[in-house]
Amino acid sequence: MILMKDIVRDGDPVLRQVAKPLTFPLSDHYKQLAEDMMEYLVNSQDPKIAEKHQLRAGVGLAAPQVGEGVQMAALLVPDDKGEIIFKEVYVNPEIVSESVRQACLSEGEGCLSVDKVINGYVPRPDKLTIHYYTVDGEEKTIRLKDYPAIVSSHEIDHLNGHLFYDRINKKEPFALKEDTVVIS
Ligand SMILES: CNC(=O)c1cccc(C)c1Nc1nc(N2CCN(c3ccccc3Cl)CC2)nc(N2CSC[C@H]2C(=O)NC)n1
């Protein structure tokens, strides 16, 4: 199982590289990696397992965060009642279109690879169309909005060497365009 010791932290060059696309069929190594990344998210959202293994909770994990510079990211997004509303492993994801309107989390963003709290709004597209492959090589195109869109943008950023604070306005961290959707 993936533990916090396996999570690469800001400063490691792998987090600033463009991840390499995967080819199909995926090797057993990358099929196992997909399972391990999703298992981390499940474990991190379970209070007992997270406590036992001192895991930081997450709703998204990208392969570069565990030192693998490949285009794979796991997402496990619950609603505020804890019901899972989005569960997927993206392989070679591409944002094919995004809304002009922006959205951000009202509390800012955290990242398993960034140990410090960095305050500020992280403006992202409110709606996204994402083209990707599943672990089995099935091609998909989906449209997302709100929290799942925010998390997808955060994880796909990782695959391009970007971290959430790159998007915070340096001069005015809480400045927003007036039609920005603030998600609580
Ligand atoms: C600086 N202020 C803050 O961080 C911040 C502060 C307050 C609220 C939010 C909402 C903040 N922001 C933020 N909170 C999260 N979690 C909330 C708690 N949750 C969780 C926790 C426990 C069990 C189950 C779960 Cl589900 C896990 C996820 N996650 C992300 N991000 C940014 S997109 C990728 C995603 C990620 O997984 N990061 C590790 N941001």
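Structure summary
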quantity	calculated
Residues of segment 128-143 satisfying the condition of being open to solvent by 40 Å² or more (accessible area, probe 1.4 Å) and of a type in the set (S, T, N, Q)	141
Residue ID - farthest from residue 102 (Cα to Cα), chosen from residues in segment 153-184 that are hydrophobic (A, V, I, L, M, F, W, C) and in a helix (DSSP H, G or I)	159
Filtered residues of segment 103-127 (kept if touching a Lys or Arg at 6+ places or on another chain (Cβ under 8 Å), closer than 29 Å to residue 29 by Cβ and open to solvent by less than 20 Å² (accessible area, probe 1.4 Å))	112, 113, 114
Unique residue being surrounded by 15 or more Cβ atoms within 10 Å (Cβ to Cβ), at pLDDT 95 or above and of a type in the set (Ser, Thr, Tyr) when the list is 99, 27	99
In segment 23-53, the residues that are assigned to a loop (DSSP other than H, G, I, E, B), touching a residue at least 12 places away in the same chain (Cβ under 8 Å) and within 20 Å of the chain's Cα centre (by Cα)	45
Pair list, Cβ < 7 Å and 6+ apart or interchain, from segment 113-135 residues that are under 15 Å from residue 99 (Cα atoms) to residues that are in a loop (DSSP other than H, G, I, E, B)	123/176; 123/180; 125/99; 126/99; 126/101; 127/99
Qualifying residues in segment 129-156 (those that are over 19 Å from residue 84 (Cα atoms) and in contact with a helix residue (DSSP H, G or I) (Cβ under 7 Å, 6 or more places away or on another chain)) - the one nearest to the ligand (Cβ to nearest atom)	130
The one condition in (1) under 27 Å from residue 21 (Cβ atoms); (2) open to solvent by less than 80 Å² (accessible area, probe 1.4 Å) that residue 94 fails to fulfil	(2)
Segment 79-91, residues that are in a strand (DSSP E or B) and either surrounded by 16 or more Cβ atoms within 10 Å (Cβ to Cβ) or not aliphatic (A, V, I, L, M) (or both)	86, 87, 88, 89, 90, 91
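The values are calculated or read from the model by the stated rules, or taken from the named source; none is laboratory data. None of these values were measured; they are calculated from a predicted model. All Cβ positions, even for glycine, are placed from backbone atoms using ideal geometry, and neighbour counts span all protein chains on display. In case anyone asks, the SASA skips ligands and DNA or RNA and just uses the protein heavy atoms, side chains included. Shrake-Rupley method; radii C 1.70, N 1.55, O 1.52, S 1.80 Å.
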